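The values are calculated or read from the model by the stated rules, or taken from the named source; none is laboratory data. Quick caveat: nothing in here was measured; it's all calculated off a predicted structure. For neighbour counting, all protein chains shown are included, and Cβ atoms are generated from backbone atoms with ideal geometry for every residue, glycine included.
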Amino acid sequence: MARYNVRDCWMVEELRKEREASQLDIEEITNFISGNEVLTARRREIYERVLSDPEFARDDRYFHSREEAFDEAARKAVHKIKLLKEMDIASQVDKYYFRGAVDEELPTQLNETMFIPTIESQGTEEQKKKWLEPAREYRIMGAYAQTELGHGTYLRGLETTATYRPETEEFVIHSPTQTSIKWWPGGLGHSSTHAVVPARLVTLGKDHGMHLFIVQLRSLEDHTPLPGINVGDIGPKFGYFGMDNGYLQLDNVRIPRDHMLMKYAQVAPDGTYSKPPTDKITYGTMVQVRTGLVLFTAHALARALVIGVRYSVVRRQGEIEPGAGEVQVMDYQTQQFKLLPLLASAYALSSTGVAMMMMFIQGSNLSVRGQIEEGNLDLLPELHATSAGLKAISAEISNNGIEVCRMACGGHGYSQASGLPHLYVNYVPANTYEGENTVLFLQTARYLNKLYSSGQPMSALPTNVCYLATDYPGHASCGVRSVNRLSDPHLQLEAFRQRARRMVGVASSAYQRALGRGLTQPQAWNSTTVDWTVAAKVFTFSVIYFITKNQKFVWLTVTTVVLKSFNDAIEAKGLSPANDVIMRKLCSLYAMYWMVQSSGEFMTDGYMTPYHISLARSLLYSLLAEVRKEAVPLVDAFDVPDEILNSALGRYDGDVYTHLYQWAQRAPRNKKKVHDVYHKYFKKLLKPKL
Amino acid sequence: MARYNVRDCWMVEELRKEREASQLDIEEITNFISGNEVLTARRREIYERVLSDPEFARDDRYFHSREEAFDEAARKAVHKIKLLKEMDIASQVDKYYFRGAVDEELPTQLNETMFIPTIESQGTEEQKKKWLEPAREYRIMGAYAQTELGHGTYLRGLETTATYRPETEEFVIHSPTQTSIKWWPGGLGHSSTHAVVPARLVTLGKDHGMHLFIVQLRSLEDHTPLPGINVGDIGPKFGYFGMDNGYLQLDNVRIPRDHMLMKYAQVAPDGTYSKPPTDKITYGTMVQVRTGLVLFTAHALARALVIGVRYSVVRRQGEIEPGAGEVQVMDYQTQQFKLLPLLASAYALSSTGVAMMMMFIQGSNLSVRGQIEEGNLDLLPELHATSAGLKAISAEISNNGIEVCRMACGGHGYSQASGLPHLYVNYVPANTYEGENTVLFLQTARYLNKLYSSGQPMSALPTNVCYLATDYPGHASCGVRSVNRLSDPHLQLEAFRQRARRMVGVASSAYQRALGRGLTQPQAWNSTTVDWTVAAKVFTFSVIYFITKNQKFVWLTVTTVVLKSFNDAIEAKGLSPANDVIMRKLCSLYAMYWMVQSSGEFMTDGYMTPYHISLARSLLYSLLAEVRKEAVPLVDAFDVPDEILNSALGRYDGDVYTHLYQWAQRAPRNKKKVRTGVHDVYHKYFKKLLKPKL
């Protein structure tokens, strides 16, 4: 699947002009975003295969009812499983690309992403031997049934019980209340034959809290639910139409003792419970999933921007100079202000996501995975805290951004033909799954609070956060006196860090004051959580800025894998000059936009003043005008094929109106020139005599 | 339809506790929100009628496919028309309530809201006689086909032509290009038999710009499209499933001369064109529609808050004190911070909407409608500018707010059973229709720019904006030194106005500097539109604050209609004491929330300092804790019946989990289960995988 090309493709003049005027090396930027050219090539290869396969066609996706979508998704799921085997696709990266190409949540995917990995990490060798092969071969299909009707984020609140009966060496799994019915798990409704079920382990009369159990749900003969199993779909949702998110009510279901996953905690045949040594190890997986989400949501935002930017260049509306003709919407400053800071943010989040991903790729010497597996857990608290905030920020910016892009397309953005409604409803759950954003921000905040009040010497703190503990420079000012000076990345970073320092300080003193007023620690914490959310957010913003500013470095780590530590700045071959210039501008745009948006926070301690903010505003506006010129190549570089965009507005050739029209012709409602509603209803009204 | 009552209803303990602890007079607040007790009673009467009618049932709405929804909407539309006649409902207010009770966009509604009113205001007496009765009787059904595939907001860009032929005394209506195909109009796809079509009038070789023409689209015999008419549905959308937004391509369609609406502009039989005298008069309608949208979007936000707040009180998750048991989500400060400032905003927008509405109700002596009709247009520029910004702010806050409420409900907010996804997709178009928000903010901004650079003496300026022209007090500070002092509404208003003054100043100087650099006026304007958008927004925020602060006044104008002008402050019977206290707190919460959110703007000129912002933050947090105690009664006061909420999470009785479960049992995807427990996808696909040998 080669890149679209300005030489070989027909396109509307508006887009051709933009592309021909650009000096950027787009392929290099694409590689920068992918990680490197090998990854780009591999992605294209997999996309090519999937997109040329008629079984994976999605042209009519937006016409389907939810029930048709479920049928479609089940069909694609089975075909995908077959194909993965044929193509011998096994690596995580390849699977990520394959999933991106299919671009649909499939009812079988939880077997792959949750059921198998859970058994791999929590099962004994024997259990792995028993369950993994059938699951990998899809002779069974598993879900992960954790959340309950009345219980989500707070795991200790789960009510499902697994009571051990030594006499039969069985567990009795039971849903004791209505609120304990398992609710939401993907693939649980009609697809899965088995599930890993987290439940409270009760043995010898004692409740040991949550442990994991494998429960068979459906007959392998005819798929009917087994006795004691009440299972089904939870009903229509905002999106995820092809997924059978399900419920599961267990009525004293008995399973053998060896269906409890016992790698760590164990129950002996006589019912004796033995404790797990440490569960820090599971942090690693959680961190990895969250960092994956940074990239995942950044890509969704990128996709929305491809649509928003191309359409804004094609669309003409209104005049700037009266009588001079209608202008491209992209030439309005207000439109640039909606889209281009998001473009900068998408690049920033994508850089951050790639950098984080590298930490988990085996062989990369940024890899922390190896260190964790070897038992070196020093990095974990920082990683855990940082990844929590990053997931939350990334989901928040990306999902809000998709809606901004949609509305920036005016009326046509509301049509399913734009591709944006579908994109939004399928990505917005990232705000609440794998840790609800506010909960995650507060995890970051707890780490910051600990750090801030630890009284440790600066040298003892992790590298990326030690700046928080440096002495507060009092009423020092950033000292900038010109727009030009404000473009300096070091200075921008310092401003972001000073904000983080200050807002962590604000939250921390509020917390201390609350304690001083006699509140308990938990009360004091709750009464300052809004401040702490701000602190966590601004801290995360500065992490993103830091990574983005050092993009040259990130680019290198990915391509050459020669660097020793995450924080080194080194001399090396970077991007070509024109690319380097635009990347720096994007970085600066990211900084100035968020500075102006939250100017009050930057002024909290006088480090920046209203005068500095007015400079930031000037810089922001000139960056908008500059980045606007390269907006089209910058979204082209995301390298999203038209089939995946699936948008009449976002097409590479810009032939927007033709495709809006042709798409509408295929709509189910247009099958007949006179719709049934006339005969059924309107006729009575319009021709009452008949 | 009486109010739900804490004495007579079963409810979960969490909600009962909140309701029993409250000292508020909820009925009084409901009347305050409605306008007055007569309006409340009338609304309940109409709701009662509609909600007890099985034809208007909506229990299964979230299960319907788009095509089922269209069928359903068409059925309800015809039933509604029958019922309106039977019940003799004619007033705008009654129709608004009826529409609220049906709570669905209907394919016939454009006949009522656009086709008929356009003929009424733009048609000659003869034309009215000819068209209005058939339309009112629904012997014909009309759409309003303005926007084109390539053209929206910018009316002068429309391409459809109406060329006059004196020889036959006909207009030829034509879509000359692909981009000129009419696109989006509601009811156009499969329902309407006629449409008002705005097109460029060309006569005697000259293009006179946009005028309105009545075109018949479909046969009245069998509903088939007439020759030259290519009409259909534009395809699925984010929401509005029951509406056939349509397209219309006209291939040299000939219509008689008298199908051009000629109250103002006219084309004589020989093709001579005569100009309209003034078109300022049409401003009035636009302003009225926009002010209506303030109320409309505020009500949508209110509805989302009913769901969000009640569910947050019922839902327990996590512990604040370890071991003390799971707490109600509403007790987390972060949850309060998501929902309660929105609650304050909903009250503020709703007050503002009611105040604006009163200006258009005949007989109210706030009415500007009468003045406009008598030719007094002095108020129009201010009203036009203010209503533009108000519509934009209200749509923006409300639609963002609905999503905030949805996500504040965690995972269950993503289920259609919450009612919030449906609410969002059906209200969010308010951001782009009737004037896209950014375009509207810039209309407000143009007015501000004119005002600011007019050099007029302060006394010559309209009352509500004259403060903008008062001398800038230099580095004066607001002088507040305590949280308590910051609670003073006058002081809060002054801070909001100072911000407006300052941000208008920032935009204005940027504009002047751009001119100084040699840019043309339009270029200078475009290069400062982001600043101008901010200026318009903060100006509008201060208008809302002003109206909300004077709520006692609004309440009075509605109930007693004794006041002389919009701006008088008078002594009169107000709300009962407990209600008055909570309303003041909401007003203060509105102010402190937006002050903290945009603290940088308040500090632009040193009028407020970081110290003042820290006071604002303290006040904000204590208001959160205080308003939280009355959060349930405050959403109860919105008086939204369960049938309209249509939400398992938002029910008055709080029996959330039972209804989530029962609702899911009825889902189409679970139907097979009743017979065999196995969905078709197993037989069609999974079986191959799980039992490959077969």
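Some observations on this one:
- Condition met for B:Pro692 (free of Cβ contacts under 8 Å to residues at least 40 places away in the same chain, surrounded by fewer than 16 Cβ atoms within 10 Å (Cβ to Cβ) and either farther than 16 Å from B:Val313 by Cβ or facing chain A (nearest Cβ under 8 Å) (or both)): yes
- Residue list for the range B:320-357, filter: among the hydrophobic types (A, V, I, L, M, F, W, C), at the interface with chain A (Cβ under 8 Å from one of its Cβ atoms) and farther than 21 Å from B:Met583 by Cα: B:Ile320
- Residues that are more than 7 Å from chain A (Cβ to nearest Cβ) and out of contact with any helix residue (DSSP H, G or I) (no Cβ under 6 Å at 6 or more places or on another chain) were ranked within the range B:607-618; the one that is nearest to A:Val596 (Cα to Cα) is B:Thr609.
- Hey, A:Thr177 modelled with pLDDT of 95 or more and surrounded by fewer than 19 Cβ atoms within 10 Å (Cβ to Cβ) or not: yes
- First in the range A:305-319 and within 14 Å of chain B (Cβ to nearest Cβ), second anywhere and part of a loop (DSSP other than H, G, I, E, B) and among the aromatic types (Phe, Trp, Tyr), Cβ under 6 Å, 6 or more apart: A:Gln317/B:Tyr154; A:Gly318/B:Tyr154
- Taking the range B:625-677 as the region of interest, the helices (runs of 4 or more DSSP H) fully inside it that hold 2 or more residues being surrounded by 21 or more Cβ atoms within 10 Å (Cβ to Cβ) and either more than 13 Å from chain A (Cβ to nearest Cβ) or touching a Gly at 6+ places or on another chain (Cβ under 8 Å) (or both) are B:631-636, B:656-665.
- Test: residue in the range A:148-156 that is of a type in the set (Phe, Trp, Tyr) and modelled with pLDDT of 95 or more: no
- Of everything in the range A:116-164 that is within 11 Å of chain B (Cβ to nearest Cβ), over 30 Å from B:Gly318 (Cβ atoms) and part of a loop (DSSP other than H, G, I, E, B), the residue that is farthest from the chain's Cα centre (by Cα) is A:Arg139.
- So B:Ala74, is it out of contact with any His (no Cβ under 7 Å at 6 or more places or on another chain) and touching a residue at least 12 places away in the same chain (Cβ under 8 Å): yes
- Residue match in the range A:415-428 (condition: closer than 19 Å to A:Arg290 by Cα and either facing chain B (nearest Cβ under 9 Å) or among the aromatic types (Phe, Trp, Tyr) (or both)): yes
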